[in-house]
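Taking it in order: structure first as C-alpha cells, then the write-up.
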Amino acid sequence: MRYEILGPLRITNDEGTRSIAARKIEVLLALLLIRANQVVSTEEVIAEIWGGCAPDRAIAAVHVYISKLRKLLGVDPQGDSPIVTRPPGYVFRLGAAGFDVNDLQALMQEGRTHLRGGRHRPAAHAFGEALRLWRGPVLGDAVSGPVTTSFVTWLEEARLECIESLIDSQLHLGLHRELVGWLFTLIGEYPLRETFYRQLMLGLCRSERQADALRVFHTARRTLNEELGLEPSRALQQLHAAILRADERLEVDAAA
C-alpha cells in the first residue's frame, strides 16, 4: 500500500491506483495521514471537516466516516485495520506502507547533506528526485481546515527549498545558461523571493549578460521597495557590487 498527497490524494495497492470520491472521507484520510502514528481527537476531525459549522450529529457522522474509511482501506496481512480507535480519537498506523511525504523528507535530507559537503552532482539529483514527487497542488480539493491548510503551507516551503537548492547545485555545475529561462519564470511567480533574483543575476553574469544581471537587481530593488518598503538583502547587494567590479570569484569553478 502507498499513500500520496503531493497532488490530489490517491492510494495505490496491488489492484491499482484509486482516489476517494466522497470529499469528507477524503479530508478525514488526509488529516489522519498528516498526523500518522499520532492520536487525532474527534474534536480535531470535526474542526477539519466542518470548521465552525458542524452539524448536531457530527460525532455520529465521524463514526460513520471512520467505518467507511476502514472498509475502503481494508486490513493488513495480520487482519488489522490501519485505523485504530484510541481515546480521545483515532490513530492511523502507517506501518510498512509507503508515503510520498516521507520519501520527500528523506530525499531533502540526502540533498542537504550532499550540499553541505560540496557534492553538487548528487545534491542536484536528490533535489530533482524530490521535486518529481509533486503531481500538482498538494491534496487537491481535500484542503479544508487548519491542519491541512498549515501542512500545505509547510510543503510549499519545502518545494521552494528544493527548487532553490537544485538551482544552487546546478549553478555550481556550470548549467547557468540552461537555468536563465526557468529563473525568469520563477521570479514572475514569486516576486518577493530574493534567492531567485540572486540566482538569476549569477546565471546571467556567467552567461556574459552583465547588463541584464544589473537590470534584474534594479527590478528586485523596485519590487521589494514598492511591496514591502525594504531594500534588497545584503547578499543581493554584495552580488550587485561584485558584478560591477567584475569580480573573478563570480565565475563558475572550472573543476565542476
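The values are calculated or read from the model by the stated rules, or taken from the named source; none is laboratory data. Since this is a predicted model, take the numbers as computed values, not measurements. No Cβ is skipped: glycine too gets one built from the backbone with ideal geometry, and neighbour counts run over all protein chains shown. Just the protein is used for accessible areas: all its heavy atoms, side chains included, with ligands, DNA and RNA removed. Shrake-Rupley method; radii C 1.70, N 1.55, O 1.52, S 1.80 Å.
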Condition set outside any strand (DSSP E or B) and touching a residue at least 12 places away in the same chain (Cβ under 8 Å), scope the range 13-22, selection least open to solvent (accessible area, probe 1.4 Å): answer is ILE20
Would the range 23-39 turn up any residue that is surrounded by 14 or more Cβ atoms within 10 Å (Cβ to Cβ), more than 25 Å from ARG135 (Cβ to Cβ) and of a type in the set (Val, Ile, Thr)? yes
The residue from ARG209, ARG198, ARG193 that alone is open to solvent by 40 Å² or more (accessible area, probe 1.4 Å), within 18 Å of LEU160 (Cα to Cα) and without any contact (Cβ under 8 Å) to a residue 40 or more places away in the chain is ARG193
Those residues of the range 190-247 which are out of contact with any helix residue (DSSP H, G or I) (no Cβ under 8 Å at 6 or more places or on another chain) and more than 25 Å from LEU173 (Cα to Cα) amount to HIS218, ARG221, ARG222, THR223, ASN225, GLU226, GLU227, LEU228, GLY229
Pairs returned, first residue in the range 31-60 that is of a type in the set (Phe, Trp, Tyr), second residue that is open to solvent by 60 Å² or more (accessible area, probe 1.4 Å), beta-carbon separation under 9 angstrom, 6 or more apart or interchain, are TRP50/LYS24
Scanning the range 222-256 residue by residue, those surrounded by 16 or more Cβ atoms within 10 Å (Cβ to Cβ), free of Cβ contacts under 8 Å to residues at least 40 places away in the same chain and farther than 18 Å from THR185 by Cα turn out to be PRO232, HIS240, ALA242
Hey, does the range 52-62 have a residue that's in contact with a helix residue (DSSP H, G or I) (Cβ under 8 Å, 6 or more places away or on another chain), buried (at least 20 other Cβ atoms within 10 Å of the Cβ) and part of a loop (DSSP other than H, G, I, E, B)? no
